[in-house]
Amino acid sequence: MSSSVAQRRSKGLIWFTTSFVVLWIFIAAGPFLWTVWGSFKVQPDFFSKTDWRNALYGVMTTAETGSAFTGGGYYGAWVEQEFWRNTINTGIVVFFTVVISLTFGTLGGYALARSGFRYAFWLLMAGLVFRAMPHITLVSGYLLPFFEWNVWGKLSTTIIVLVAINQPFTLWMLHSFFLNIPKDMDESAMVDGCTRFQAFRYVIIPVMWPGVITTGLFSFLLAYNDFAVTAVLLSSENQTMVPRIYSFLGTVRETGDVMFAVAAVVSAMVPLFFLVLFFQRQIVSGLTAGAVKG
Amino acid sequence: MKHRTFFWFILPSLAAMFFFIALPIVSVAVQSLFVEHEQIMTEVENCGPFKCETVLQVDTEATAALQEEAPLGRFNGLGTYTNRKHLAFKEVGVAWDETETLGEFMSELINLPFYKALFFTLTYTAVVTPFVIFLGLGVALAVNTLPRIVKGPTIFVSLLPMIVTPLIGALILFWMVDADGIIGATLQRIFNDPNLSLKASTPLTWMMLIVYGIWSSTPFSFIVFYAGLQTVPSETLEAAKIDGASRWQAIRYVVVPYMMPLVVFITLMQLMDNFRVFEPIISFSASAKATSLSWIIFNDLRGGDIQLFGSAGATSILTILGVAILLSPVLIRTWRDFNRKRA
């Protein structure tokens, strides 16, 4: 394949494309590397007015703590500011959001894929509109009723809201995935005497996992990355990581411990890093699923 | 599938969407017709050691009782929509009458909060979307020429700006361009201006936000284009080469036409995403220079001591209308496709 005419290219072109890719990698990854490295320094190093190289070598860090690296930011964030509580909250919210979204979504997506009636189409269209709406527009509708019923600020309320906001996307994704599973499979099971649910349970569920995992990854990202819903709907003791980092920005700047926020930001990035590392192929296929097929 | 079975399968999902998406929209619409109660004032006699004077004071108890009785507030009709904070009909009319040129009128207009936000949102969308498409296509073409062994790691790194939480990604960039950060401090040294701050000037703030937008959205278009490139048949490319097409011509006349449906897809996704630009404004603390509709809603709910439900509701409804207008071409197209498939 590499010997075909279309693939042959000149030295200059190889040089150009390679440097372009290197530049792109630098732009894409540079900020992350810089912040991860800098999170182990003290504030005068990471935000150094005199010389940016201070952040590389940790000049002030060595002067203040005696070593070129310090876990001071992490200690401040996790122990003093009790960031671990927010981590646990995020874990709870994300886990239940993903599990419930996928349960509802597989049932609904399967039904939509197997029903040729007009209302199935209208449901999908409504889903598309719901999906495009900024989440914050819905949030203002939740607040008054939630105050009235006294359910504001609880993790369970937020989970249900995130599940609902997630549904349009989950339905669309799983619907197009179930369309690719041949109809004959479950229909032949039904000819053999299964009910529709039995056909779903014994024929479809065993083969649906690739699609469910891909959809689950995106549900995870939605719940994990959400700021608009969690910032407004959670009381301060139930905050998840992202709104907590936001409230760090206000309090921490006053006390001069920006490094707490930097450490918290790096901590919150770690799970995402591993997610991409292990599920890169699924993420790529999920992103392109809607596009390449048309 | 029978109607009954369909109903039971879809029920949980439908119930969730009905109660937490459809009903809240109704609730937002109702809220937008009301405004907060005025605080009830009472006259209190304040007696100091020398003289007594009457002052007006907020009657907290009575205000709370009123709030309890009618939590929605006072009925205001469409008043909230037309007031200065939203569509500002009166102010726009005045500006229209008093200004001579269109330019003057526009500069009056963007002083009004709603139009200011709309103006930023539209500029952001209009600048970020083309950049994202061209940059993404460029990166995809370049990565496609790499040897197989480095492709995987390159894609891994490229995904990071998009996958990472928007609030966090924007914060990371903000810390770098802030006056004390690596880029901010270096710029100060280059221009020899110790007071240079990207935060202090409106054009620079907008540029920062747009740079963040391009940085965080390019991975998406890169991935989509990259996947699309794998479907371009190599026979066609080879035939073009044999017919004497240069590399550039092959890209221009063979690859790009293959990519056109993807360009449409990416543009639509970008329009939707950029229309709700919100987190970077929070992270860059840029709200004095640049606001968006989503930020206005958030600020009404979280900004002050009193939550302005009416105001937030009105902005939400206007935003939803904007999204509906933006989406209408897609909806019409999907409707046609659906009918064609059925026929």
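Scanning the range A:244-267 for residues that are free of Cβ contacts under 8 Å to residues at least 40 places away in the same chain and closer than 26 Å to A:Pro134 by Cα, we see that the one that is surrounded by the most Cβ atoms within 10 Å (Cβ to Cβ) is A:Ile245. Within the range B:249-294, being among the hydroxyl-bearing types (Ser, Thr, Tyr) and assigned to a helix (DSSP H, G or I) holds for B:Tyr253, B:Tyr258, B:Thr267, B:Ser283, B:Ser294.
Across the range B:80-96, a minimum of one residue is classified as assigned to a helix (DSSP H, G or I) and closer than 16 Å to B:Gly322 by Cα.
Contact map, the range A:79-99: first residue surrounded by 14 or more Cβ atoms within 10 Å (Cβ to Cβ), second residue basic (Lys, Arg), Cβ cut-off under 8 Å, separation 6 or more or different chains; pairs are A:Phe83/A:Arg244; A:Asn86/A:Arg244. Of all residues in the range B:136-183, those that are more than 30 Å from A:Ala264 (Cα to Cα) and under 21 Å from the mean Cα position of the chain (by Cα) total 1.
Does B:Val224 satisfy being surrounded by 21 or more Cβ atoms within 10 Å (Cβ to Cβ) and not hydroxyl-bearing (Ser, Thr, Tyr)? Yes; evaluated as a whole, the condition is true for this residue. Of the residues B:Ile149, B:Ile183, B:Ile168, the single one that is surrounded by fewer than 20 Cβ atoms within 10 Å (Cβ to Cβ), under 30 Å from B:Pro194 (Cβ atoms) and of a type outside the set (Phe, Trp, Tyr) is B:Ile183. Inclusion of A:Asp226 among residues that are free of Cβ contacts under 8 Å to residues at least 12 places away in the same chain and charged (D, E, K, R) is not warranted. Name the residues in the range B:296-314 that are more than 7 Å from chain A (Cβ to nearest Cβ) and under 17 Å from B:Ile21 (Cα atoms), would you? Selection gives B:Ala314 alone. With respect to the conditions (1) in contact with a Leu (Cβ under 7 Å, 6 or more places away or on another chain); (2) closer than 22 Å to B:Ile297 by Cβ; (3) in a helix (DSSP H, G or I), B:Val26 falls short on a single one, namely (1).
Hey, does the range B:43-63 have a residue that's in contact with a helix residue (DSSP H, G or I) (Cβ under 6 Å, 6 or more places away or on another chain) and either surrounded by 14 or more Cβ atoms within 10 Å (Cβ to Cβ) or not in a helix (DSSP H, G or I) (or both)? Checked against the condition, which is being in contact with a helix residue (DSSP H, G or I) (Cβ under 6 Å, 6 or more places away or on another chain) and either surrounded by 14 or more Cβ atoms within 10 Å (Cβ to Cβ) or not in a helix (DSSP H, G or I) (or both), the range B:43-63 yields no hits at all.
Which residues, taken from the range B:240-267, are within 9 Å of chain A (Cβ to nearest Cβ) and without any contact (Cβ under 8 Å) to a residue 24 or more places away in the chain? B:Ala240, B:Lys241, B:Ile242, B:Arg247, B:Ala250, B:Pro261 - these are the residues of the range B:240-267 that are within 9 Å of chain A (Cβ to nearest Cβ) and without any contact (Cβ under 8 Å) to a residue 24 or more places away in the chain. Counting the residues of the range B:121-143 that are touching a residue at least 40 places away in the same chain (Cβ under 8 Å) and either closer than 29 Å to A:Gln43 by Cβ or at the interface with chain A (Cβ under 7 Å from one of its Cβ atoms) (or both) gives 2. Among the residues of the range B:65-80, the one identified as farther than 20 Å from B:Ser311 by Cα and either modelled with pLDDT of 75 or more or hydrophobic (A, V, I, L, M, F, W, C) (or both) is B:Ala65.
Counting only helices (runs of 4 or more DSSP H) that sit completely within the range B:144-190, those holding 3 or more residues that are under 22 Å from A:Phe279 (Cα atoms) and either at the interface with chain A (Cβ under 7 Å from one of its Cβ atoms) or touching a Leu at 6+ places or on another chain (Cβ under 7 Å) (or both) correspond to B:148-163.
Being surrounded by 14 or more Cβ atoms within 10 Å (Cβ to Cβ) and within 14 Å of the chain's Cα centre (by Cα) is a description that does not apply to A:Phe178.
The condition (being of a type in the set (Ser, Thr, Tyr) and facing chain B (nearest Cβ under 7 Å)) is satisfied by just one residue among A:Tyr202, A:Tyr246: A:Tyr246.
Here's the yes/no breakdown for (1) surrounded by 13 or more Cβ atoms within 10 Å (Cβ to Cβ); (2) touching a helix residue (DSSP H, G or I) at 6+ places or on another chain (Cβ under 7 Å); (3) more than 10 Å from chain A (Cβ to nearest Cβ); (4) modelled with pLDDT under 85:
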{"site": "B:Met1", "(1), (2), (3), (4)": "yes, yes, no, yes"}
{"site": "B:Ala16", "(1), (2), (3), (4)": "yes, yes, no, no"}
{"site": "B:Ser32", "(1), (2), (3), (4)": "yes, yes, no, yes"}
{"site": "B:Met41", "(1), (2), (3), (4)": "yes, no, yes, yes"}
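Here B:Val211 meets the list (1) part of a helix (DSSP H, G or I); (2) buried (at least 20 other Cβ atoms within 10 Å of the Cβ) almost entirely, failing just condition (2).
For the range A:15-37, does any single residue satisfy the condition of being more than 9 Å from every other protein chain (Cβ to nearest Cβ) and in contact with a Ser or Thr (Cβ under 8 Å, 6 or more places away or on another chain)? Within the range A:15-37, not a single residue is more than 9 Å from every other protein chain (Cβ to nearest Cβ) and in contact with a Ser or Thr (Cβ under 8 Å, 6 or more places away or on another chain).
The rows are residues; the columns are (1) out of contact with any Cys (no Cβ under 8 Å at 6 or more places or on another chain); (2) within 7 Å of another protein chain (Cβ to nearest Cβ); (3) within 19 Å of B:Arg276 (Cα to Cα); (4) in contact (Cβ under 8 Å) with a residue 60 or more places away in the chain.
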site: A:Gly108; (1), (2), (3), (4): yes, yes, no, yes
site: A:Gly116; (1), (2), (3), (4): yes, no, no, no
site: A:Met125; (1), (2), (3), (4): yes, yes, no, no
site: A:Val129; (1), (2), (3), (4): yes, yes, yes, no
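Yes or no, residue by residue, for (1) more than 30 Å from B:Val177 (Cα to Cα); (2) free of Cβ contacts under 8 Å to residues at least 24 places away in the same chain; (3) assigned to a loop (DSSP other than H, G, I, E, B):
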| residue | (1), (2), (3) |
| --- | --- |
| B:Ile297 | no, yes, no |
| B:Ile306 | yes, no, yes |
| B:Gly310 | yes, no, no |
| B:Ser316 | yes, no, no |
| B:Thr319 | yes, no, no |
| B:Ser328 | yes, yes, no |
| B:Arg336 | yes, yes, no |
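With respect to the stated conditions, B:Ile282 fails to be hydrophobic (A, V, I, L, M, F, W, C), out of contact with any Asp or Glu (no Cβ under 8 Å at 6 or more places or on another chain), buried (at least 17 other Cβ atoms within 10 Å of the Cβ) and closer than 24 Å to B:Gly152 by Cα.
The values are calculated or read from the model by the stated rules, or taken from the named source; none is laboratory data. If you're wondering where the values come from, they're calculated on a predicted model, not measured in any experiment. Because the Cβ atoms are built from the backbone with ideal geometry, glycine has one as well, and the counts that use them run over all protein chains shown.
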